[in-house]
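Report on the following structure.
Just so it is clear, none of the values below were taken in a lab; they were calculated from the coordinates. These numbers come from a predicted model, not from an experiment. For neighbour counting, all protein chains shown are included, and Cβ atoms are generated from backbone atoms with ideal geometry for every residue, glycine included.
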Amino acid sequence: MHYALIPTMKDLSFPPRIWNPAECMDREALNALQLYRLKEAVARMSIVPMYQKKFKEAGVSVEDIKTLDDIRRLPFTTKQDLREGYPLDYIAVHRSEIARIHGSSGTTGKPTFMAYTQEDLRTWADLCSRFLVAGGLQPHHLVQISFGYGMFTGGFGLHYGVENVGAAVIPLAAGNTPRQVMSLMDLKPETLICTPSYATVIAEEVQRQGITPDELPLKYAHVGSEPWTEDMRHRIQDAMGIMVFDNWGLSEAFGPGVSGECVYQHGMHIQEDRFIVECLDPDTLEPVKPGELGELVITSLSRKAMSIIRYRTRDLAYILDEGPCKCGRTTKRMSRIKGRSDDMFIIRGVNVFPTQIEEALLRVKGTAPHYVIEIDRPGAMDEMTVNVEILPEYFSDKMSDMKEISQKIGDAIKSVTGVRAKLNLVQYATLERFLGKAKRVIDKRKLG
Ligand code: DLL
């Protein structure tokens, strides 16, 4: 019934700017489809002992899901639940139906495994194709994938998403940055795919080799997998003369492909026919209003191997309080991820996110986009030291010569976060470079 309400491919122009007509459904049809698939997901997961127990404890079954609001009757799933179900107790298909296994990066603990059926892999490729096309990918394009391949979902996920569009892949993977630039110059891909922090490293190598934005054939980059800021976007765009798009996802819900930006770069379109994304107050677990920051809680509606129910992502963002986008997509949009609740640190009673420090640093002319935040408690009080690289033309061995820039950085951090930080201005190219997700915070309180 619901499929008939989706516009057909014939309604769309070629070359495609919208990959899947499901991105442009009208709200009523979309809600009907979501409800149908939510019931399917609950029924599917009801055979998994972990969910049987959870549904029983919550006193809810598939028959109770009558409207979309009834999602709130369903229990949450946490990373801890998946850890307890190690290695794959939470899947809803027979082992023989598994087509691939990936692992979460384990940024904040033991890795967890994620299974996919053949159908899941096709759905996932389609999801990745959607945001790639939204950000300019065309079937005749060439794409350089500079994500790690392997258990991490970034490499393979995007690889099949690109091929699904009919475009070609250079599966270069992360590392050997001079070779990345050689490939950009010689094979001339239109699109680059990597983490935002690795994009800054590639951009830096482009500049080091004296290549101007006009000489670089690259047009677009799709970056994701870690928090980053609007200022970082501008730095990467300006250095390479390209457009950079954000995309969000997590291995518990396929991987990349849950949401992504279109050419208007104004919020990430959520693939609502495949996911329900709630934005909740992390303390009360009540929904927050559009425009208000909350924790994203995700239900994966149609993943056959594991339709995760109300998964607490710990990612903080907000749903945009706006209607359909100029690009024609009707799906809800979300802001960039402001931070993860488990990345947040408290300095003298004030909550601080690494992205706030990034925002402050990059506002100041002369800083390079490379920094490390150290937290320590030498006495009774927490202390935050921000190590940041200064570009060669602004750097001096004498601290007294750098008073002005130091003052500006200190003030910017104070104005963005509300706290004063100790600063350590270091020479350009002395801090660690990251090929994948950057590690921005060293919490010495947890080490000792
Ligand atoms: O990082 C999936 C992915 C790969 C997304 C490639 C985008 C591109 P995990 O390793 O399971 O999966 O890590 C998921 O990474 O909960 C966020 O905290 C963070 N994250 C992912 N995308 C973004 C983004 C992949 N665009 C975790 N902005 C998520 C900020 C992001 N954080």
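Laid out as a table, the results:
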| item | result |
| --- | --- |
| Alpha-carbon centroids, segment 173-201 and segment 128-146: separation in whole Å | 15 |
| Loop sites in segment 377-414: trypsin sites (Lys or Arg not before Pro), DSSP, at most 15 other Cβ within 10 Å | K398 |
| Share, in percent, of DSSP beta bridges within segment 345-447 that are antiparallel, nearest 5 | 55 |
| Packing-based exposure ordering (other Cβ within 10 Å, fewest first) of L88, L250 | L88, L250 |
| The chain - percent relative contact order, Cα under 8 Å, separation 6 or more | 14 |
| Summed side-chain charge close to E404 - residues other than E404 whose Cβ falls under 13 Å, Lys, Arg +1, Asp, Glu -1 | +2 |
| Least to most buried among I276, I91 (fewest other Cβ within 10 Å first) | I276, I91 |
| Cα-based convex hull, the chain, per residue volume (Å³, whole number) | 155 |
| Charge dipole (debye, nearest 20) of the chain; +1 at Cβ of Lys and Arg, -1 at Cβ of Asp and Glu | 620 |
| Those chymotrypsin sites (Phe, Trp or Tyr not before Pro) in segment 188-292 that DSSP places in a loop and that have at most 16 other beta carbons within 10 Å | Y264 |
| Pair-distance profile P(r), taking every C-alpha pair of segment 345-447, with 10 angstrom steps and integer % | 15, 49, 31, 5 |
| Segment 240-293-segment 356-410 distance, computed between alpha-carbon centres (Å) | 31 |
| Segment 110-172: equivalent-ellipsoid semi-axes (sqrt of 5 x gyration tensor eigenvalues, Cα, Å) | 21, 14, 9 |
| Antiparallel bridges, percent of DSSP beta bridges restricted to the chain (to nearest 5) | 60 |
| DSSP-defined beta bridges in segment 203-318 - what % are antiparallel, rounded to 5 | 80 |
| Interatomic Cα distance distribution for segment 101-234, bins of 5 angstrom, percent | 2, 10, 19, 22, 20, 14, 7, 3, 1, 0 |
| Neighbour-count ranking [beta-carbon atoms within 10 angstrom, fewest first] of V93, V60, V162 | V60, V93, V162 |
